[in-house]
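Trainee: I am attaching a structure below and will ask some questions about it afterwards.
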Amino acid sequence: MAIKHTTGTLHESGAAELDITTPLRPLIAESWRRSQAAGVPTTAEQVTFHRVADDDLQQRQEANANLMQVAIPHLKWFSAWLANTSHIVYLVDGDGVILFSIGNYDNADAFGLTPGYVWSERVMGTNGAGTAIAADRPVAVMGPEHISEPFQGFTCMAAPVHDPAGHVCGAIDVSTSAEDANAERLAVMAHIAFVIDNELAHRRAEVMATQRIQAKDRLLAEVSHELRTPLTAILGWARLLRKTSLDDTSTRGLDVIERNAFKQAQVIEDLLDVSRCLAGELRLQCAPVALVSVIKNSIDSLQQTSQAKRQTLNLELDAKDLVVLGDARRLEQAISNLVSNAIKYTPESGRIDVRLERVDSQALLTVSDTGIGINSEFLPHIFDYFRRANGASTGRQDGLGLGLSIVREIVKLHGGAIDAHSEGEGRGATFRVLLPLAGRD
Ligand code: ADP
C-alpha cells in the first residue's frame, strides 16, 4: 500500500484541497469533510481530549462485556506481536469511547489513549477508530492524514467490529508513530476484527440455542406434570372400579384402560426423569444397599414377560455381600430398564444373562442377551436422549429412547460407569455397570 502524502501541503491547505491520488484517499477525504462539517478543532492549541466520567466508563464496559471478552485476547496477542514497536492497541465502543487499551507507548494517557477517552470522528476528527466506525470499513490514517495537528505524528490502523445483527458496535485500533506505518498491520487488524465479528455471532448463536433448549426442557417438565395429574385420577378410579362387580365387557374394558394408563404413566415418569436429568435435579436418597436384593427386586416383575417369550433368564448372583451406598429405588429402576430392554430386544427362545461380581473395590453388573444386537453406527449414541436405533424408530418396538439415558444418569450419580457392547446386528448386546462399593465405615 503506497500512500504518498505531502505533509506540508495537507497541513497548510486543509481538507478542501486534499489531493486524492490513491484508493485510500476518498475515504480520508470523506472523513475530513465530515470532520470539518462537525467543526472539530484541528490546531494544537484548540485540540482537547474528551474523557467520559468513571461511572459512565464502567457502565459502557459492563454493557460491552461480551465484546471485551472476545476482543481483549486478540488485542493482547496483537500488542505482544508489536513488542518491538512503540504502540497502543485499543478497543472502542460504538460511540468511540476506549474500553480497553494495551501497549508499550509511555505517553498513552497524555494522548488520550487509555480507557474512557472518546475517539469518535465527530468529536476528534479523522482518526483510526472513529473513522473506521464512521466509514464502517478498515482504515489506515497515516501521519498527516489526521485532520488534527497533534495527531499527525501518529499512524492509526483500525477496523470496525459488528454485532451479530451486522451493526457496527465498536472498533479496534493500533496507534504507532507515523513512520511505523505498515500495510501488513492493517490487514491483520482487519482480520482480527473479522474474527471478533464471527466470535460474537457464534456466542450469540450459542446463547440462543441454549435458551431454546432450556425453553424445551421447561415445556417437557410442564407438559409431563400436566399429563400425570389426569392419569393419576384415571388409574385411581380404575382401581376402585375393580373392587365392584362388573360384567365381562366392563372387565375387559377396565383391563385395557388400566394397561394403557400404566404404559402412559411409565412414559410420563420417564419424561419427568429426563427433565430432572437435564435440569441436574435428579436426586438420590442414599443408604447402604445390598445389590443382590436390588437385582432380584428389579427382575421379579420382568420374569413373566421373559417367560411369555420362552426366553432363558439366567442369574449369576454369587457375589452376595456386595453393598453400595445408593438409592435402592433408582438402582432398581436402572437395572430393570437394562433387563427389560434385553427382554424386549431379544426374540423368542433367546437367552439373557444377569451377572454380579466384584472387581477390586467395585461391583460389576453385566446384562447380556442374544438379541437383535446394536450396529456400530448407533452404538456410540445409545445413551443419548431420545435416541433409538433406526429399526426401533420406525416402529419395530415402542419406546421413546429415554430409558438408557436415565440409566446412565443414575449410574453417574452413584459414581459409577456404564458401557454397551455388541458385535453388531443380530449378535446380541452386553451392558456393563460398574458401581463403587460402600466403604467399610
Ligand atoms: P427405548 O425406550 O427405545 O427402549 P432405551 O433408551 O432404553 O429406549 O434404548 C434406546 C435404544 O437402544 C433402543 O431403542 C434400542 O434401539 C437400543 N437398545 C437398548 N437396549 C438394547 C438391547 N439390549 N439390544 C439391542 N438394542 C438395544
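Trainee: Pairs needed: first member in the stretch 405-419, farther than 18 Å from Leu379 by Cβ; second member anywhere, among the acidic types (Asp, Glu); C-beta distance under 9 Å; at least 6 residues apart or different chains.
Mentor: Correct list of pairs: Ile406/Asp270; Ile406/Asp273; Glu409/Asp273; Ile410/Asp273; Ile410/Asp327; Leu413/Asp327; His414/Asp327.
A quick yes/no check of all residues on (1) of a type in the set (A, V, I, L, M); (2) surrounded by fewer than 23 Cβ atoms within 10 Å (Cβ to Cβ); (3) more than 16 Å from Leu75 (Cβ to Cβ):
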position: Gly94; (1), (2), (3): no, yes, yes
position: Val97; (1), (2), (3): yes, no, no
position: Arg122; (1), (2), (3): no, yes, yes
position: Asn127; (1), (2), (3): no, no, yes
position: Ala135; (1), (2), (3): yes, yes, yes
position: Gly153; (1), (2), (3): no, yes, yes
position: Leu200; (1), (2), (3): yes, yes, no
position: Ala205; (1), (2), (3): yes, yes, yes
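Trainee: Moving to a separate point now. Quick check, is Thr85 under 39 Å from the mean Cα position of the chain (by Cα), part of a loop (DSSP other than H, G, I, E, B) and among the polar types (S, T, N, Q)?
Mentor: Judged against the criteria, Thr85 is a match.
Trainee: Now for a separate question. Can you pull out every residue in the stretch 33-76 that is small (Gly, Ala, Ser) and assigned to a helix (DSSP H, G or I)?
Mentor: Ser35, Ala37, Ala38, Ala63, Ala65, Ala71
Trainee: Please count how many residues of the stretch 215-272 are among the basic types (Lys, Arg) and outside any helix (DSSP H, G or I). Walk me through how you get there before you give the answer.
Mentor: Applying the first criterion (among the basic types (Lys, Arg)) to the stretch 215-272 yields 216, 218, 228, 239, 242-243, 252, 259, 263.
Now narrow it down to the ones that are outside any helix (DSSP H, G or I): 243.
Qualifying residue count for the region: 1.
Trainee: Say we look at the stretch 345-386 and pick out the residues that are within 27 Å of the chain's Cα centre (by Cα) and over 30 Å from Leu325 (Cα atoms); which of these is nearest to the ligand (Cβ to nearest atom)?
Mentor: If we filter the stretch 345-386 for residues that are within 27 Å of the chain's Cα centre (by Cα), which is where we start, we get 377-386.
Within this subset, residues satisfying the condition of being over 30 Å from Leu325 (Cα atoms) are 377-378.
Working: Glu377: 12, Phe378: 7 Å.
Only one residue fits best here, namely Phe378.
Trainee: Within the stretch 61-71, is there a residue that is farther than 22 Å from Ala159 by Cβ, aliphatic (A, V, I, L, M) and without any contact (Cβ under 8 Å) to a residue 24 or more places away in the chain?
Mentor: no
Trainee: Next question. Residues Leu331, Leu302, Leu313, Leu291: which one is farther than 16 Å from Val433 by Cβ and within 41 Å of the chain's Cα centre (by Cα)?
Mentor: Working: Leu331 fails: farther than 16 Å from Val433 by Cβ; Leu313 fails: within 41 Å of the chain's Cα centre (by Cα); Leu291 fails: farther than 16 Å from Val433 by Cβ.
Every option except Leu302 fails the conditions.
Trainee: Looking at (1) crowded, with 16+ Cβ neighbours inside 10 Å; (2) over 28 Å from the mean Cα position of the chain (by Cα); (3) of a type outside the set (D, E, K, R); (4) within 13 Å of the ligand (Cβ to nearest atom), which is the only condition Ala389 fails?
Mentor: Unmet for Ala389, out of (1) crowded, with 16+ Cβ neighbours inside 10 Å; (2) over 28 Å from the mean Cα position of the chain (by Cα); (3) of a type outside the set (D, E, K, R); (4) within 13 Å of the ligand (Cβ to nearest atom): (2).
Trainee: Across the stretch 90-144, what is the total count of residues that are assigned to a strand (DSSP E or B) and among the β-branched types (Val, Ile, Thr)?
Mentor: 7
Trainee: What are the residues in the stretch 414-441 that are small (Gly, Ala, Ser) and assigned to a loop (DSSP other than H, G, I, E, B), if any?
Mentor: Hits for the stretch 414-441 are Gly415, Gly416, Ser422, Gly424, Gly426, Gly428, Ala438, Gly439.
None of the figures in this text is laboratory data; all of them are computed from the coordinates on show. The model shown is predicted, which means the values in this text are computed figures rather than measured ones. Counting neighbours? That spans all protein chains shown, and the Cβs are built from the backbone with ideal geometry, glycine included.
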